[in-house]
Amino acid sequence: MKRLEELILRGAERRGVSYLVPHLCQDFLQRAAFFFLQRCRRVILTTGFYVLGAGVLETDGPPGAAAIARACQRLGGEVYLFVDDFSLSLWKGFEDFFPSLYSVPIAGRAETWVVLEKYFRQIRPTLLVAVERCGATEGGKYQNFRGADITPYTAKVDLLFEQFPATIGIGDGGNEIGMGNLASYIRRYLGIEPAAVEVAHLILATVSNWGAYALVRAAEFFSGEKLLWSVEEQREFLVRLQLAGFVDGISGQPKLSVDGYSLRENEEMLLEIHASG
């Protein structure tokens, strides 16, 4: 797994994320994969990071969530995707990956918790997974990597992660659900106020999608099942995101790229992940 962990952290120095790596749990990917395989019967997934200026969500996160959803389904599990209520229309047409969509209102903590608790009782999840999903700071704000406030556009899905112990968080910048695990180091090395919520297993990657793919690849390796989607499936999904209006989080443009990495670079990374273990 070491080779796979190193692979998904290629280029991590561009945001200073490489400084966080020594403080991650040893064998973080292997531990997360075992945990995932043990608990993937009923999985609540959440993703979707708001891009200021573009007014929509970014392309990092949804492909990773889709790859995890496909893996869960191939293992016989059920998947439930939690999204912001304003973005619900963006997710229409992705039912082949996310057959069960749950809309979470952008509201105060008490009102949001009433909705989340209702959903929780209905689903009775065995696992929560966040892929590139913004988490609140200790002060209760949701911020992008530049420190801009996106609280008015972010539902408080992380409240559920505060209350449920079986959680996995995947992020790449310090402001995502799960980054509370490394909060003191994020303040020291990245100079930003991190997301406060912690998770049982944190996966750090240069691009969150890559971290999700690596989780699935590790689960594939340990289970002996074919779980990770193909380059063609990733490309088709990115095309569908572009047509739906999702944008690259760096440029803010509806391109076939993720965090400034081209389609070709993302395909090459996926091929390397397939070849690693």
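Values quoted throughout were computed directly from the atomic coordinates according to the rules given, and no laboratory measurement underlies them. Please read all numbers here as calculations on a predicted model, not as lab measurements. Neighbour counts run over all protein chains shown; Cβ positions are idealised from the backbone, glycine included.
Listed by chain and number, the lysines whose alpha-carbon sits under 19 Å from that of Lys118, ignoring those within fewer than 8 places in the same chain, are Lys156.
Counting only DSSP beta bridges with both residues in segment 2-275, the antiparallel share comes to about 20 percent.
Taken one residue at a time, the phi angles of segment 208-217 give Karplus couplings (6.51, -1.76, 1.60, θ = phi - 60°) of 4, 3, 5, x, 5, 4, 5, 4, 5, 4 Hz. Gly and Pro are set to x. Rounded, prolate or oblate: which fits segment 2-90, taking a ≥ b ≥ c as square roots of the Cα gyration tensor eigenvalues, rounded meaning a/c under 1.5, else prolate when a/b beats b/c? Oblate shape, in that a/c is at least 1.5 and b/c is the bigger or equal ratio. Here Lys156, Lys255 are placed in order of increasing Cβ neighbour count within 10 Å, fewest first, which gives Lys255, Lys156. With the highest mean first, a sort of the peptides 226-232, 207-213 on other beta-carbon atoms found within 10 angstrom per residue produces 207-213, 226-232. Here the sum of -39500 (n - 2.57) over DSSP H runs of 4 or more residues, divided by the residues of the chain, equals -11500 deg cm²/dmol at 222 nm, to the nearest 500. Once mean projected area of the Cα convex hull in nm² is worked out from the coordinates, which option in [x] 12.2; [y] 14.2; [z] 13.0 does it equal? Working out mean projected area of the Cα convex hull in nm² from the coordinates points to [x].
Phi-derived couplings, Karplus 6.51 cos²θ - 1.76 cosθ + 1.60 at θ = phi - 60°, listed residue by residue for segment 160-174: 5, 5, 6, 9, 10, x, 8, 9, 10, x, 10, x, 9, x, x Hz, with x used for Gly and Pro. Residues whose amide H lies under 5 Å from that of Val247, counting only those 5 or more places away or on a different chain, are Leu57, Glu58, Thr59; hydrogens are built 1.01 Å from N in the peptide plane. Along segment 147-154 the Karplus relation, 6.51 cos²θ - 1.76 cosθ + 1.60 evaluated at θ = phi - 60°, assigns HN-Hα couplings of x, 6, 7, 10, 4, x, 10, 10 Hz to successive residues, with x for each Gly and Pro. Proximity of backbone amide H atoms, modeled 1.01 Å from N, is registered between Ile150 and Tyr142, Gln143, Asn144 at under 5 Å, excluding neighbours fewer than 5 places apart on the same chain. Taking amide H as placed 1.01 Å from N in the peptide plane, the amide H of Val79 sits under 5 Å from that of Val43, each at least 5 places away or on another chain.
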